[in-house]
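Here is the structure we will look at, set down as structure tokens.
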Amino acid sequence: MSNSQITRYPSPLTAPLSKAVRAGDFLFLSGQTPKDENLQPLRGDIEVQTRNVLETIAATLAGLGSNMTQVVRATVWLSDIKLMSRFNLVYAEFFEGSLPVRSTVEAKLSQSVDVEIEVTVFSPVK
């Protein structure tokens, strides 16, 4: 695959990363943590944080001509694995009938948030 088939979308954050990268028919989104309208860490329970992250992912995908039904893989980090059942209730709402494969692990997360999600999307170039 040549560089002409790779497109990088800049992040609004100051971190040295791309928000997303298209490589052929695939989109790879960087891990998303809960953020408020000023891009500061969003506090709240796991349901609030999960909804924020998934809404942000859905909006990013829409802006790139894709949607949540095209997500083929998700990687999830939770600050405490005991939050998984509550996380799953919100997560399932966003993937009705189109669940991607997923890995979920417990980890200490940046800025002490409770969830981070990254996705890989099959989104053929039109």
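Accessible surface for the range 1-82, divided over its residues, is 55 Å² per residue with a 1.4 Å probe. Extension gain, E47-L99: 0.36 nm per intervening residue step, less the Cα-Cα distance, totals 16.9 nm.
Using only side-chain charges placed at the Cβ, +1 for Lys and Arg and -1 for Asp and Glu, the dipole size of the range 1-124 relative to its Cα centre rounds to 320 debye. Rolling a 1.4 Å probe over the protein heavy atoms of the range 24-80, with every protein chain left in place, gives an accessible area that is 51 percent carbon and sulfur.
In this label model, M84 and S110 are separated by 2.5 nm, measuring between points 7 Å along each Cα→Cβ vector. Note on the chain: Kirkwood hydrodynamic radius from all Cα pairs is 15.0 Å, rounded to one decimal.
Taking Cα atoms only, the orientation of helix 46-63 departs from the longest principal axis of the chain by about 10 degrees. Can you list which of the GluC sites (Glu not before Pro) found in the range 27-74 are DSSP loop residues with at most 13 other C-beta atoms within 10 Å? Passing both the DSSP loop test and the Cβ count: E37.
The values are calculated or read from the model by the stated rules, or taken from the named source; none is laboratory data. Values in this document were obtained by computation on a predicted structure and should not be read as measured data. Neighbour counts are summed over all protein chains in view; Cβ atoms, including those assigned to glycine, are modelled from backbone coordinates with ideal geometry. Calculation scope for accessible area: heavy atoms of the full protein, side chains included, ligands and nucleic acids excluded. Shrake-Rupley method; radii C 1.70, N 1.55, O 1.52, S 1.80 Å.
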